[in-house]
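Heads up: the structure comes next, in structure tokens.
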Amino acid sequence: MSTEQTVKNQQDSNMWRMSVAPMMDWTDKHCRYFHRLLSQHTLLYTEMVTTGALVHGDVARHLRFEAEEHPVALQLGGSEPGDLAHSARLGEQWGYDEINLNCGCPSERVQRGAFGACLMNEAALVADCVKAMVDVVSVPVTVKHRIGIDKIESYDFVRDFVGTVAEAGCKVFVVHARNAWLKGLSPKENREVPPLRYEIVAQLKRDFPQLTIAVNGGIKTDELVQQQLQMVDGVMVGREAYHNPWWMASWDGLYYQDESKERTREAIEEQMVLYMEREAREHGTNWYSIARHMLGLRNGLAGARRWRQVWSDHRMKTQPPHEVMKLARTKPGEAD
């Protein structure tokens, strides 16, 4: 086996070691480009894309991404095996490294579409969906799900779900360590109210050692990441990565033994400005829709509030981004 193949196999085996969760309205291609500047190895996920959007909508608008974003996974929302197979095939054709099926979103809008967390009540259907995708793509087909639905807190429920879906060819499960309450809680409350039960995810790994099991939910510190990596194969971080993105700059060294690239906040900001200019030139994208994703870059530093205010000031929209950056870096009272 060549050295290159050995390295690739090592990369494949820990592809799910650290990842950033799919988050609606947040993890678009611009957010992912920003996050990739912070970590070369962390697996990035798209926002959930429904099969309807790909079957009937503008495929390029939903699937376009930059080569620099790899490794990047496409998360699909749907429950019809044929539509999911079609969408998975499109995802592979567009170059995604993984196709992920959403079985964890509890929103009523998603429930009306008969997918998301409510699919955990239909393990056989999820297995059919997974098999339909596995049959038509060569990239991994994975599932993101909860540990239970509503008041069902029996471990047997999630164990049987994973077992059934694994038999259809899914080898990777990303488990949000909370139940999803389908009635009575908003999506935000569903991320906070049902208690975290990491021990359930750890038990899944013990019962299915041949599967890759990653944990998601409430993980905000390296201490907790390291605790979880003693029990499972990977950790998915959500809102903490978005609000405090500089945390990600340490992940390559901590979790991938790769400290080859030194990063500074200033250099990241400058690279984002170059990206904004390129997006405007090639796609007519306004820098303002890109800058919103990097507003947490300087959290905790002196002057962070003013820097954030400049980059989020709608009155600056007509200014070129390098001028906005210059102003954001100017201390109050300094000459332009």
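The values are calculated or read from the model by the stated rules, or taken from the named source; none is laboratory data. Worth saying up front: this structure is predicted, and the values here are computed from it rather than measured. Cβ coordinates were reconstructed from backbone atoms using ideal geometry, including for glycine residues, and neighbour counts include every protein chain displayed. All accessible areas refer to the heavy atoms of the entire protein, side chains included, with ligands and DNA or RNA removed. Shrake-Rupley method; radii C 1.70, N 1.55, O 1.52, S 1.80 Å.
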* **Percent accessible area from carbon and sulfur atoms, the chain, protein chains only, probe 1.4 Å** => 50 percent
* Beta carbons within 10 angstrom, averaged per residue: use that to sort the peptides 39-49, 65-75, highest first. => 39-49, 65-75
* Would you pull out the residues with amide H under 5 Å of residue 150's amide H, same chain only if 5 or more places away, H placed 1.01 Å from N? => 180, 181, 182
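What 222 nm value per residue comes from the helices of the chain, counting each DSSP H run with n ≥ 4 as -39,500 (n - 2.57) and dividing by all residues, nearest 500 deg cm²/dmol? If you can, show how the numbers build up before the last one.
Details: 17 runs with 149 residues, N = 336.
Value at 222 nm, helices only: -12500 deg cm²/dmol.
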* Structure fact -> Over the stretch 91-205, with neighbouring protein chains present, the accessible area per residue in Å² at probe 1.4 Å is 40 Å²
* May I ask which residue of 316, 49, 293 lies farthest towards the positive end of the charge dipole of the chain, with charges of +1 (Lys, Arg) and -1 (Asp, Glu) on Cβ and the Cα centre as origin? => 316
* Structure fact -> Residue-ordered couplings for the stretch 119-124, obtained by feeding phi - 60° into the Karplus form 6.51 cos²θ - 1.76 cosθ + 1.60 and rounding to whole Hz (Gly and Pro as x), are 5, 5, 7, 10, 4, 5
* Residues of the stretch 258-302 with amide N under 20 Å of a point placed 7 Å along Cα→Cβ from residue 309 -> 288, 291-302
* Asked: What Kirkwood hydrodynamic radius, in Å, does the stretch 46-110 give when the mean of 1/r is taken over all pairs of distinct Cα atoms and then inverted?
  -> 12.0 Å
* Structure fact -> Using a 1.4 Å probe on heavy atoms of the protein chains only, the accessible area for residue 26 in Å², nearest 10, reads 60 Å²
* Asked: Within the stretch 15-99, what percent of beta bridges assigned by DSSP are antiparallel, to the nearest 5?
  -> 0 percent
* Tabulate in residue order the Karplus-calculated ³J(HN,Hα) for the stretch 201-206, using 6.51 cos²θ - 1.76 cosθ + 1.60 with θ = phi - 60°, rounded to whole Hz; enter x for Gly and Pro. => 5, 4, 5, 4, 5, 5
* Crossing angle, helix 155-167 versus the chain [Cα axis fit, 0-90 degrees, rounded to tens] -> 90 degrees
* Other-chain or far-sequence residues with amide H under 5 Å of residue 101's (modelled H) -> 76, 142, 143, 144
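Taking the Cα centre of the chain as origin and charging only Cβ (+1 Lys, Arg; -1 Asp, Glu), how large is the dipole, in debye to the nearest 20?
940 debye
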* Asked: How much of residue 157 can a 1.4 Å solvent probe reach, expressed as accessible area in Å² and rounded to 10?
  -> 40 Å²
* Structure fact -> Shape descriptors of the stretch 238-299 over alpha-carbon atoms, Rg and Dmax in angstrom, are 13.4, 39
* Asked: With point charges of +1 on the Cβ of Lys and Arg and -1 on the Cβ of Asp and Glu, referenced to the Cα centre of the stretch 158-313, which listed residue (244, 201, 190) lies farthest in the positive direction of the dipole?
  -> 190
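Sort 278-285, 187-194 by packing, meaning the average of other beta carbons within 10 Å per residue, with the highest value first.
On the way: 278-285: 11.9, 187-194: 15.5.
With the highest mean Cβ count within 10 Å placed first, the list reads 187-194, 278-285.
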* To do: Determine which residues of the stretch 176-209 fall in the zone a paramagnetic label at residue 121 would reach in this model, i.e. backbone nitrogen under 18 Å from the point 7 Å along Cα→Cβ.
  => 179-187, 190
* Which value, in Å² and to the nearest 10, is the accessible area of residue 24 when all protein chains are kept and the probe is 1.4 Å? -> 90 Å²
* So how strong a dipole does the stretch 213-336 carry about its Cα centre when Lys and Arg Cβ are +1 and Asp and Glu Cβ are -1, to the nearest 20 debye? -> 640 debye
* Whole-Hz Karplus ³J(HN,Hα) for the stretch 25-39, in order, using 6.51 cos²θ - 1.76 cosθ + 1.60 and θ = phi - 60°, x for Gly and Pro? -> 6, 10, 8, 7, 5, 6, 4, 5, 4, 4, 5, 5, 5, 7, 9
* Asked: Leaving out same-chain residues fewer than 8 places away, which lysines sit with a Cα under 22 Å from that of residue 188?
  -> 144, 151, 220
